[in-house]
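Note sheet for the following structure.
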Amino acid sequence: MNCGREVESCEPMLTTREVAKWLRVTERHVQNLVKDGVLPPPLRLGRAVRFCPDSIRKFITEKTGEASMG
C-alpha cells in the first residue's frame, strides 16, 4: 500500500484505535468495516495493523459525498 507520497514526507500511519477515535466508532467496528470491505485494508507489520491517513480521508470524503447525494 502506498500513501501516495515519498516515505520521508509521509504522515505517520494510524492505528486501529486512532482510526476508531477519528470516526467515533469502536475498534471492533473498524475491524468489521475492514472485514466487510467498507474501509480500505490496513498494512500489516507482524501483529501491528496500520492505516494510511490518506486512504481514511478518501473514505470519509467519499462517504460524506454519498450522504449528501441522497
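Want the number for residue 32 to residue 48: 0.36 nm per residue separation, take away the alpha-carbon distance, what's left?
4.1 nm
I'm checking a number: the convex hull volume of the Cα atoms of the range 22-63, normalised per residue, in Å³. What is it?
Per-residue hull volume (Cα only) is 75 Å³.
Once the dipole of the range 13-70 is set up with Lys and Arg at +1 and Asp and Glu at -1 on Cβ about the Cα centre, which of 49, 59, 31 lies farthest towards its positive end?
So the residue we want is 49.
A short reminder: the numbers here are calculations on the coordinates, not readings from a lab. If you're wondering where the values come from, they're calculated on a predicted model, not measured in any experiment. Every residue, glycine among them, receives a Cβ derived from its backbone with ideal geometry; neighbour counts consider all protein chains shown.
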